[in-house]
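J.: Pasting in a structure now, in structure tokens, and then I'll have a few things to ask.
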Amino acid sequence: PRLDPIAKAKANPKSLRLAVTAKCFECMGGGEDTGTRKLIRACTSSNCPLHTLRPYQAKEKDDGDSND
């Protein structure tokens, strides 16, 4: 069976990455909705201390200017 992010974090309690993922998963409904990853990606809670660390963020697009 596939573990949800909270179960994964409990199985590996020293992983900070798994802890952040589990907290975001819990905050966004804990899998009650099938679109939890999409909700985390679209999170607008910029006051949350984990906001910039949240998983499933869209990759920033390169503007093509490599002459910085």
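The values are calculated or read from the model by the stated rules, or taken from the named source; none is laboratory data. Not measured: the values here are computed from a predicted model. A quick note on method: Cβ atoms are made from the backbone with ideal geometry, for glycine too, and the neighbour counts reach across all protein chains shown. We work out accessible area using only protein heavy atoms, side chains counted, and drop any ligands, DNA or RNA first. Shrake-Rupley method; radii C 1.70, N 1.55, O 1.52, S 1.80 Å.
J.: Would you please classify the overall shape of the range 1-43 from the alpha carbon gyration tensor, given that a ≥ b ≥ c denote the square roots of the eigenvalues, rounded means a/c under 1.5, and beyond that prolate means a/b larger than b/c while oblate covers the rest?
T.: Oblate, since a/c reaches 1.5 and b/c is not below a/b.
J.: Within the chain, which is the longest segment containing none of the trypsin sites (Lys or Arg not before Pro) that sit in a DSSP loop and have at most 11 other Cβ atoms within 10 Å? Intermediate results must be reported in sequence, preceding the final value.
T.: Numbers: sites that count: R2, K14, K59, K61.
It runs 15-58.
J.: How far apart, in nm, are two points set 7 Å out from the Cα along the Cα-to-Cβ line at V20 and at A58?
T.: 2.0
J.: Right, another one. Give the angle, between 0 and 90 degrees and rounded to the nearest 10, that separates the Cα long axis of helix 16-27 from the longest principal axis of the Cα atoms of the chain.
T.: Taking the Cα atoms of the chain, the angle to 16-27 is about 80 degrees.
J.: What does the accessible area of L53 come to, in Å² to the nearest 10, when a probe of 1.4 Å is used?
T.: We get 80 Å² for L53.
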